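Taking it in order: structure first as structure tokens, then the write-up.
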Ligand SMILES: N[C@@H](Cc1ccccc1)C(=O)O
């Protein structure tokens, strides 16, 4: 039955009976009592249409076991039926009957059967000829809503046996109101120009405002979870006194991306298989000439205690434009600028921005991702300082347990991969890479000899995926992202605590 016409169907019944109980309406209209209550409530919104009174009544209902007995006969009746005229051994009877114990004791107290213990084993005999299963008869009356025909003593006994229960039924009693009508005129919800022009608004029945209705949720912009996590990282860096580096150029020369970082020109990462080269413009020529010479020298001949790589360094290779493969290119530019200051001042820098790699795309890799990078330059900073800062940094992200594994980067020595124990996943996850920048990188820039630089980098996507329990990066970044994920992401709904 369609829910919309239920109120009108109720009105028809009220018209017919003058007054009617909601339980009766549910039975007559063959629908759930709850639907009837809804329909009556909607009728109450029309002033004077109906009068409604709340009623409480008690009703006896069968339990599941009661219903089962109604179908299959009571235990006591079934025991009685199993006793033949010539009698049966008690032991055998107890074996073949269902729920024998209850049935037996009931049949005994009803005096339907008796036990004879004079022989060598107790025998059970019928005690009387009964015609009817009284219990089932009473259950049947309850089932047909005629519990008033069952004696109170019996009802209480059935309740004790958990075959029937008494429930309080709340219902609404509906009577015609002074403005009763069988046909419901739908109240008008919109005032139209037409109604104003022809004055028909004066006689229209307008629907009242419902000030308690939930409003429509205002449409608003949502930050993508990645951007939310990015601001959380930014906040942590700012709390630790770091300054944000300008990271707005995605296109970088190989010089800053690789050469300045003492990454040899034959290094496989500089191959087109790993790095995107741009064709227009394909080269950058505005490289600082003196510094370029020093970089060339350290690669090809060494210096500052290093032997260098001893190969023929080519400026053409350094001039090639690439989509930066890491934000460490930005750190290199910043450290070079720092070295040009007349007096060295310690710095703490960070950046969070996009980097690009020619990766084979899969569930956890895209050709671009965000890198989070921290750099500290000061006199005599050590590996110990790096470990200390990493503990502080990851502590702020909720990671207390860290492990470090020796690693290799062309620009850092020593280098360490960082692992963090993820309490949620109950396992160690790789969370970043770090190290102390090599003299081969720092000295050609012109930084004083006692200045060391420690740095670390991690991706933004990985912790976000772990946080949101997303196992395919395409569900987080790109055209397949489900916007509901963005709207409903817990990260977007609250201040995050990674
Ligand atoms: N550039 C490194 C991260 C890193 C930054 C700074 C120091 C050491 C490592 C990477 O791309 O993984």
### Task
Residue by residue through the stretch 249-271, note down the ones that are touching a helix residue (DSSP H, G or I) at 6+ places or on another chain (Cβ under 7 Å), surrounded by fewer than 22 Cβ atoms within 10 Å (Cβ to Cβ) and assigned to a helix (DSSP H, G or I).
270
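Restricting the stretch 158-173 to residues that are touching a strand residue (DSSP E or B) at 6+ places or on another chain (Cβ under 9 Å) and assigned to a helix (DSSP H, G or I), which is surrounded by the fewest Cβ atoms within 10 Å (Cβ to Cβ)?
The first filter runs over the stretch 158-173 and keeps only residues touching a strand residue (DSSP E or B) at 6+ places or on another chain (Cβ under 9 Å), leaving 158-159, 163-173.
Adding the requirement that they be assigned to a helix (DSSP H, G or I) leaves 158-159.
On the way: 158: 23, 159: 15.
Ranking the candidates gives 159 first.
Residue-by-condition table, conditions (1) out of contact with any strand residue (DSSP E or B) (no Cβ under 7 Å at 6 or more places or on another chain); (2) within 20 Å of residue 233 (Cβ to Cβ); (3) in contact (Cβ under 8 Å) with a residue 60 or more places away in the chain:
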{"position": "404", "(1), (2), (3)": "no, no, no"}
{"position": "414", "(1), (2), (3)": "no, no, no"}
{"position": "433", "(1), (2), (3)": "no, yes, no"}
{"position": "448", "(1), (2), (3)": "yes, no, yes"}
{"position": "452", "(1), (2), (3)": "no, no, yes"}
{"position": "461", "(1), (2), (3)": "no, yes, yes"}
{"position": "469", "(1), (2), (3)": "yes, yes, no"}
{"position": "478", "(1), (2), (3)": "yes, no, yes"}
### Query
Can you name every residue in the stretch 433-473 that is at pLDDT below 95 and on the phi > 0 side of the Ramachandran plot?
469
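Just give me the residues in the stretch 457-473 being more than 15 Å from the ligand (Cβ to nearest atom) and either assigned to a helix (DSSP H, G or I) or surrounded by 22 or more Cβ atoms within 10 Å (Cβ to Cβ) (or both), in sequence order.
Kept after step one, since they are more than 15 Å from the ligand (Cβ to nearest atom), are these residues of the stretch 457-473: 464-473.
Once the filter is applied, which keeps residues that are more than 15 Å from the ligand (Cβ to nearest atom) and either assigned to a helix (DSSP H, G or I) or surrounded by 22 or more Cβ atoms within 10 Å (Cβ to Cβ) (or both), the stretch 457-473 yields 464, 465, 466, 467, 468, 473.
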#### Entry: Residues of the stretch 359-369 classified as surrounded by fewer than 15 Cβ atoms within 10 Å (Cβ to Cβ) and within 13 Å of the ligand (Cβ to nearest atom), total
1
#### Entry: So residue 349, is it assigned by TED's automatic domain parsing to the domain that holds residue 443, within 16 Å of the ligand (Cβ to nearest atom), part of a helix (DSSP H, G or I) and within 23 Å of residue 447 (Cβ to Cβ)
no
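So which residues in the stretch 272-309 are outside any loop (DSSP other than H, G, I, E, B) and more than 23 Å from residue 408 (Cα to Cα), if there are any at all? Walk me through how you get there before you give the answer.
Restricting attention to the stretch 272-309, the residues satisfying the condition of being outside any loop (DSSP other than H, G, I, E, B) are 277, 283, 289-300, 303, 306.
Answer for the stretch 272-309, where residues must be outside any loop (DSSP other than H, G, I, E, B) and more than 23 Å from residue 408 (Cα to Cα): 277, 283, 289, 290, 291, 292, 293, 294.
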### Task
For residues that are surrounded by fewer than 15 Cβ atoms within 10 Å (Cβ to Cβ) and more than 20 Å from residue 183 (Cβ to Cβ), scanning just the stretch 1-37, find the one that is farthest from the chain's Cα centre (by Cα).
27
### Query
Just one of 322, 372, 381 is more than 22 Å from residue 271 (Cβ to Cβ) and more than 10 Å from the ligand (Cβ to nearest atom); which is it?
381
## Note on the structure
Residue hits (the stretch 355-365; without any contact (Cβ under 8 Å) to a residue 12 or more places away in the chain and within 29 Å of the chain's Cα centre (by Cα)) are 361, 362
### Query
Residues of the stretch 425-456 being outside any strand (DSSP E or B), buried (at least 23 other Cβ atoms within 10 Å of the Cβ) and within 11 Å of the ligand (Cβ to nearest atom), which ones?
441
### Qualifying positions in the stretch 216-245 - outside any helix (DSSP H, G or I) and in contact (Cβ under 8 Å) with a residue 40 or more places away in the chain
222, 223, 224, 240, 241, 242, 243, 244, 245
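Take the stretch 366-399 and flag every residue that is in a helix (DSSP H, G or I) and in contact (Cβ under 8 Å) with a residue 60 or more places away in the chain.
The initial filter retains those residues of the stretch 366-399 that are in a helix (DSSP H, G or I), namely 383-396.
Correct list: 383, 385, 386, 389, 390, 392, 393, 396.
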### Message
Tell me whether the stretch 417-424 contains one or more residues that are in contact (Cβ under 8 Å) with a residue 40 or more places away in the chain, outside any helix (DSSP H, G or I) and within 12 Å of the ligand (Cβ to nearest atom).
### Response
yes
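If I filter the stretch 353-367 for residues that are more than 26 Å from residue 275 (Cβ to Cβ), assigned by TED's automatic domain parsing to the domain that holds residue 411 and at pLDDT 95 or above, do I get at least one hit?
Keep residues of the stretch 353-367 that are more than 26 Å from residue 275 (Cβ to Cβ), which gives none.
Within the stretch 353-367, not a single residue is more than 26 Å from residue 275 (Cβ to Cβ), assigned by TED's automatic domain parsing to the domain that holds residue 411 and at pLDDT 95 or above.
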### In the stretch 56-91, the residues that are surrounded by fewer than 13 Cβ atoms within 10 Å (Cβ to Cβ), touching a residue at least 24 places away in the same chain (Cβ under 8 Å) and more than 27 Å from residue 137 (Cβ to Cβ)
56, 91
### Task
Keeping to the stretch 389-413, report how many residues are more than 10 Å from the ligand (Cβ to nearest atom), surrounded by fewer than 15 Cβ atoms within 10 Å (Cβ to Cβ) and under 28 Å from residue 305 (Cα atoms).
3
### Task
May I ask you to verify whether residue 91 is under 43 Å from the mean Cα position of the chain (by Cα) and assigned to a helix (DSSP H, G or I)?
no
### Query
Name the residues in the stretch 94-121 that are surrounded by 14 or more Cβ atoms within 10 Å (Cβ to Cβ) and in a loop (DSSP other than H, G, I, E, B), would you?
97, 99, 110, 112
### Message
Considering only residues that are away from the ligand (no atom under 11 Å from the Cβ) and out of contact with any helix residue (DSSP H, G or I) (no Cβ under 7 Å at 6 or more places or on another chain), which ones fall in the stretch 325-346?
### Response
334, 337, 338, 340, 341, 342, 343, 344, 345, 346
### Message
Any residue that is in the same structural domain as residue 56 (by TED's automatic domain parsing), under 23 Å from residue 60 (Cα atoms) and either assigned to a helix (DSSP H, G or I) or within 43 Å of the chain's Cα centre (by Cα) (or both) - is there at least one of those in the stretch 192-215?
### Response
no
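The values are calculated or read from the model by the stated rules, or taken from the named source; none is laboratory data. Only a predicted model underlies this, so the values are computations on that prediction, with no experimental measurement involved. Positions of Cβ are generated from backbone atoms using ideal geometry, with glycine treated the same way; all protein chains shown enter the neighbour counts.
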